[in-house]
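Working notes for the structure below.
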Amino acid sequence: MNIQFATRLEEFPEYIFSRLNKKIKVVEKESGRSVLNLGHGNPDIPPSKKYIKQLKNYVEDIKAHLYPGYTAIPEFTHALINWYNKRFSVSLEQDELLPLLGAKDGLSHLPLALLNRGDEVLVPDPGYQGFSEPIRMIGGRPVYYDLQEKNKYKINIADLEKKLSQKTKYCLINFPSNPIGQVATREELENIVSFARKHNLIIVYDNAYADITFDGFVAPSILQIKGAKDVAVELGSFSKTFSFAGYRMGWMVGNKEIVFALAKVKSQMDSGFSTPLQQLGTYALSHFDTQ
């Protein structure tokens, strides 16, 4: 059979860690040795036992097998709102949040909500490998801005402005940064929000590593900045903070119009975020355990 595949498959490669995993299997088979995997950062600390105990209870609930619906359960909504208030002093409304199947779920589906063919997105370089290819998948174009040593791997607004065009729709920003580890202060985020408001530009702020910082630094949320909700959404993740990487749990918060647009796309892509996992997320956010 001569299968005719979509031409878009030629516009992007297989995800880098998927490709690397295949290479690892070949090397291990041929060498008989185990490869030290420094890949996408699997947590080396298991989840708290009290979280696992709660998850077992949620899975065993008589209604756990039912479809979860397309938005957050009330308990998850309440827990995330309270956590943002406590952690960042940010007030959220119910229509300003959406549970995700991991933060990558948001990154991969946002282009469908925000881009037309030929539109451009500002992407950090170096940056997370999952930023670029979903943009290419729908015919968008990643435009890379440099995080340079001379600028301490921080954003230079003047350089960023040079990358703008009439086709630029949004800018991906990630602090604490993967893979560099650099952080952004509230003052620096104020400059970014001002830049976005000046140019009518959406900011997608990846804050997955907010609680992995050192030397007393406390990572902010971009939503702490006045006016940020007019232009920004923020992605959060349970993967690193709670060692729930394999459970695929995350969220997006911020501009309610963008939240609604992503929810509309996702309503066609999946059948919601598992109720037992939403219950686990609710419990984790409400019973923070560092043990």
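Consider region 125-155 and keep the residues that are out of contact with any strand residue (DSSP E or B) (no Cβ under 8 Å at 6 or more places or on another chain) and farther than 27 Å from Glu10 by Cα. The one that is most open to solvent (accessible area, probe 1.4 Å) is Lys150.
Candidates are the residues of region 2-29 that are open to solvent by less than 80 Å² (accessible area, probe 1.4 Å) and over 25 Å from the mean Cα position of the chain (by Cα); the one that is farthest from Ile135 (Cα to Cα) is Glu28.
The residues of region 210-243 that are among the aromatic types (Phe, Trp, Tyr), out of contact with any strand residue (DSSP E or B) (no Cβ under 9 Å at 6 or more places or on another chain) and either farther than 23 Å from Asn191 by Cα or surrounded by 22 or more Cβ atoms within 10 Å (Cβ to Cβ) (or both), listed by number, are Phe214, Phe242. Would it be correct to say that Leu38 is over 30 Å from Asn200 (Cβ atoms), surrounded by fewer than 20 Cβ atoms within 10 Å (Cβ to Cβ) and either modelled with pLDDT under 95 or under 19 Å from the mean Cα position of the chain (by Cα) (or both)? For Leu38, the condition - over 30 Å from Asn200 (Cβ atoms), surrounded by fewer than 20 Cβ atoms within 10 Å (Cβ to Cβ) and either modelled with pLDDT under 95 or under 19 Å from the mean Cα position of the chain (by Cα) (or both) - is met. Residue-level check: of (1) small (Gly, Ala, Ser); (2) more than 15 Å from the chain's Cα centre (by Cα); (3) closer than 22 Å to Phe260 by Cβ, Gly102 misses just (2). The residues of region 38-67 that are touching a helix residue (DSSP H, G or I) at 6+ places or on another chain (Cβ under 8 Å) and under 17 Å from Gln278 (Cβ atoms), listed by number, are Tyr51, Gln54, Leu55, Tyr58, Val59, Asp61, Lys63, Ala64, Leu66.
Can you find, within region 90-106, the residue that is surrounded by the fewest Cβ atoms within 10 Å (Cβ to Cβ) among those that are of a type in the set (A, V, I, L, M, F, W, C) and more than 18 Å from Ser267 (Cβ to Cβ)? This residue is Leu92. Quick check on my filter: what residues within region 224-274 are of a type in the set (Gly, Ala, Ser) and either assigned to a helix (DSSP H, G or I) or free of Cβ contacts under 8 Å to residues at least 60 places away in the same chain (or both)? Residues satisfying the conditions are Gly227, Ala228, Ala232, Ala245, Gly246, Ala261, Ala263, Ser267.
Residue-level analysis places Leu110 among those that are touching a strand residue (DSSP E or B) at 6+ places or on another chain (Cβ under 8 Å) and either closer than 24 Å to Tyr205 by Cβ or at pLDDT 95 or above (or both).
Against the numbered list (1) open to solvent by less than 10 Å² (accessible area, probe 1.4 Å); (2) touching a Leu at 6+ places or on another chain (Cβ under 8 Å), Ile180 comes up short only at (1). Consider region 110-142 and keep the residues that are assigned to a loop (DSSP other than H, G, I, E, B) and of a type in the set (Gly, Ala, Ser). The one that is nearest to Asn178 (Cα to Cα) is Gly127.
Would you check which residues across region 244-291 are open to solvent by 50 Å² or more (accessible area, probe 1.4 Å) and of a type in the set (Phe, Trp, Tyr) and list them? Selection gives Tyr247, Phe260, Phe288.
Residues that are under 19 Å from the mean Cα position of the chain (by Cα) and open to solvent by 100 Å² or more (accessible area, probe 1.4 Å) do occur in region 65-78.
Among the residues of region 71-96, write down those that are of a type in the set (Gly, Ala, Ser) and either within 15 Å of Val218 (Cα to Cα) or in a helix (DSSP H, G or I) (or both). Scanning region 71-96 gives Ala79, Ser89.
Within the group Leu164, Leu172, which residue is of a type outside the set (Phe, Trp, Tyr) and crowded, with 17+ Cβ neighbours inside 10 Å?
Leu172
The values are calculated or read from the model by the stated rules, or taken from the named source; none is laboratory data. Since the structure is predicted, the reported quantities are computational estimates derived from the model, not experimental observations. Glycine gets a Cβ as well: all are built from the backbone with ideal geometry, and neighbour counts include every protein chain shown. Areas reflect the complete protein model, heavy atoms only, side chains present, ligands, DNA and RNA absent. Shrake-Rupley method; radii C 1.70, N 1.55, O 1.52, S 1.80 Å.
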